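These notes concern the structure reproduced below.
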There are 2 protein chains.
Amino acid sequence: MKGLRLEDGELRFVPDLPPPDLPPDEALVRVLIAGICNTDLELARGYYPFAGVPGHEFVGVVERLGADVSAAEASRLVGKRVVGEINAVCGACRACLSGLEAHCEKRTVLGISGRDGAFAELLTLPAPNLHRLPDVLSTEAAVFTEPLAAALGIQEQVPIGPSDRVLVVGAGKLGMLIAKTLARTGCDLTVVTRSGASLPEPLRARGAAVCLEEDIENAGFDVAVECTGNPAGFVIARRALRPRGTLVLKSTYAGRLEVDASALVVDEITVIGSRCGPFAPALRVLEEGGVDVTPLVAARYPLEEGAAAFEHASRPGVLKVLLEIGGE
Amino acid sequence: MKGLRLEDGELRFVPDLPPPDLPPDEALVRVLIAGICNTDLELARGYYPFAGVPGHEFVGVVERLGADVSAAEASRLVGKRVVGEINAVCGACRACLSGLEAHCEKRTVLGISGRDGAFAELLTLPAPNLHRLPDVLSTEAAVFTEPLAAALGIQEQVPIGPSDRVLVVGAGKLGMLIAKTLARTGCDLTVVTRSGASLPEPLRARGAAVCLEEDIENAGFDVAVECTGNPAGFVIARRALRPRGTLVLKSTYAGRLEVDASALVVDEITVIGSRCGPFAPALRVLEEGGVDVTPLVAARYPLEEGAAAFEHASRPGVLKVLLEIGGE
């Protein structure tokens, strides 16, 4: 099969990758489309050790199921368009048994850790990871399910209501998606950008404002969501908070972060790491059109031009770059 | 008056400090006894800029009140034994008006910031800061009100119940006080110590266990409270947590702390800074004998030997050192 392969920090298109073996409890999925995420860019830069096919945001069609998958699952899935939760879990460890499956101690993660991902014609995932798409939902919108779920995950960890003043630091692809989900809470929302570029109309229509870094100091926000993944973004988010405010870390960081821990104690700040989120609500939000994701698409590339797609996705200010992999 | 004075990182006994001016809305308090806290040791080491009389844990007797204090307050306070909340606040800023008085933007803090403290014969504080002591409560126990309030503050920020596995990192004076308050929640409590020294009987009787640093890795605690104020303590607390666990920072840190922020995101850890706490519940707990603080007293010194008292308090493993300042 065709696919992109990452090894020793080098990303290559490979025309003849061996197709994945199908474990008995998994589904073989033919990928239609996949999105490039910052984590993919960081993997390609060698920030995290991973060799294999990257990619974890995808829409595909279930081709066939392993021998142990039930007939009920088969009739639910085969031939259907699906998205997939990216953590493949054991179901038996301490984390799984306490309801924290996304933190399974033995997990593999699609295209990130221990498992080939979505930037290829075929992938496998455990059958329970797959969610069928509503017919009304376009494939292009559905490819945002995983990052939209991650954005919604914030609200599972931090209660955000209409009286909260919330700052989103970073207007990239993740920041914009988070801003769009947070706007639905009715909160008083501000997005900080480097350039002061204005926000897209749907966010402005919901009352979201934009501001520059220099306007943030001591602004007394209740919650700040750091989406840039760089230390400067952390500092902006930290400075923006009121005492007892909450800083949501929503991006991975290359290397270590230097923190003024005494100031966190004195101001009694909460810093909360946030990674994945729930797929079912993300699909509901997409189906009802609650978050319009298609304006976030910056470009589409065929799989063969994966390296160019990565280069495009890594340019400052570029939103979502998609890889078109299979036809429907 | 007699007092200790800190200037340019040097602590001296001064026999003839000028007595404090009494502002119209404050109370003049004759100090009976005062406790040395790690913050005092850090001030004396020059970690934070402060020149003046240090000390913020005290019991005193109200000598007289400023001209603007009401007659009702006067009858409540004059001649009575009191403890005092350490943040003197404006009542009018954004923090005060939102119920976060301890974070007042214009606050001074007794013996820490902008206000002379308790290591002298006299101090002043706003009258509303003062809490009368129940007659049954000894002066020596009452001097623990402020640190006990700080320990109880954890439970105002993080719900801790009988099913929670909680680790206290550091068995110093603050760690022991925190362990004693947490034990009252019925939680499954462990204290990590460098030496593996056993815990005092009342904690063991409540089922608290002790463990060594090397037993902590991947132990899956729900909550870890870092009381050491050093980066090694932070690492121990971090490693002890389960995914989605909570790390309470309960100590100030000299310098900056290096944090693996990506790991906080991947494991979805919450880090929460915690400083002051509520005096009224601390006094209730002391009055009912719920936390026995007197075994924490390591030594008593007269004010004249303040430098020796500080030296004693800074030795590893030494618990609370008290300064005896006035007679009752």
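Taking other residues whose beta carbon is less than 9 angstrom from the beta carbon of B:Ala150, and scoring Lys, Arg as +1 and Asp, Glu as -1, yields +1. Local charge for B:Pro49 was computed over the other residues whose Cβ lies under 11 Å away, with Lys and Arg +1 and Asp and Glu -1, and equals -2. In the calculated pair distance distribution of chain A, what percentage of Cα-Cα distances lie above 39 Å? Above the 39 Å cut-off, chain A has 12 percent of its Cα pairs. Peptide B:102-114 has a mean shielding of 1, counted as Cβ atoms of other protein chains within 10 Å of each residue's Cβ. Round to the nearest 10 and give me the degree value, 0 to 90, for the angle of helix B:145-157's Cα axis relative to the longest principal axis of chain B. On a 0 to 90 degree scale, this one is about 40.
Computed over the stretch B:1-44, the P(r) curve from all C-alpha pair distances, binned at 5 Å from the origin, holds 5, 16, 20, 25, 22, 11, 1 percent per bin. Using the average count of surrounding beta-carbon atoms within 10 Å as a protection proxy, the listed peptides A:85-94, B:113-122 rank, highest first, as B:113-122, A:85-94.
Along the axis of the charge dipole computed for chain A (Cβ charges of +1 for Lys and Arg, -1 for Asp and Glu, origin at the Cα centre), the listed residues A:Ile160, A:Pro302, A:Leu264 are led at the positive end by A:Ile160.
The long axis of helix A:173-183 is offset from the longest Cα principal axis of chain A by roughly 70 degrees. Let me make sure I get this right: for the stretch B:1-130, a, b and c are the square roots of the gyration tensor eigenvalues over alpha carbons, sorted descending. Under 1.5 in a/c it's rounded, otherwise prolate if a/b > b/c, else oblate. Which is it? Note, shape of the stretch B:1-130 comes out oblate. Candidates A:Gly111, A:Leu125, A:Gly91 compared by Cα position along the dipole of the stretch A:88-141: farthest toward the positive end lies A:Gly91, with charges placed on Cβ.
If you count Lys pairs in the protein assembly as shown whose Cα atoms are under 24 Å apart, skipping same-chain pairs closer than 8 places in sequence, the total is 16. Rounded to whole numbers, the Karplus 3J(HN,Hα) couplings from phi for the stretch A:198-209 are 6, 8, x, 3, x, 6, 4, 4, 8, x, 6, 10 Hz, using 6.51 cos²θ - 1.76 cosθ + 1.60 with θ = phi - 60°, and x at Gly and Pro. Over all pairs of different C-alpha atoms in the stretch A:151-273, the reciprocal of the mean inverse distance, the Kirkwood hydrodynamic radius, equals 14.2 Å.
In degrees from 0 to 90, rounded to the nearest 10, what is the angle of the helix B:231-240 Cα long axis to the longest principal axis of chain B? Here the helix axis deviates by roughly 50 degrees. Packing, taken as the mean count of other beta carbons within 10 Å per residue, orders the peptides B:305-315, A:200-210, B:183-193 from highest to lowest as B:183-193, B:305-315, A:200-210. Relative to one another, the C-alpha centroids of the stretch A:287-322 and the stretch A:191-247 are positioned 23 Å apart. Based on Cα contacts under 8 Å between residues 6+ apart, chain B shows a relative contact order of 19 percent.
Amide H contacts of B:Gly170: B:Val192, each under 5 Å away and 5 or more positions distant or on a separate chain (H built 1.01 Å from N in the peptide plane; Pro and chain starts excluded). In the protein assembly as shown, one over the average inverse separation of all distinct C-alpha pairs is 27.3 Å, which is the Kirkwood hydrodynamic radius.
Put a plus charge on the Cβ of each Lys and Arg, a minus charge on the Cβ of each Asp and Glu, and nothing anywhere else: the dipole of the protein assembly as shown about its Cα centre is then about 540 debye.
Remark: mean inter-chain Cβ contacts per residue of B:252-258 equal 6, using a 10 Å Cβ-Cβ cutoff to other protein chain atoms.
Read-outs throughout are calculated quantities, based only on the coordinates presented, and are distinct from any laboratory measurement. Remember, it's a predicted structure, so these values are computed and weren't measured experimentally. Quick reminder, even Gly has a Cβ in these numbers, built from the backbone with ideal geometry, and neighbours come from all protein chains shown.
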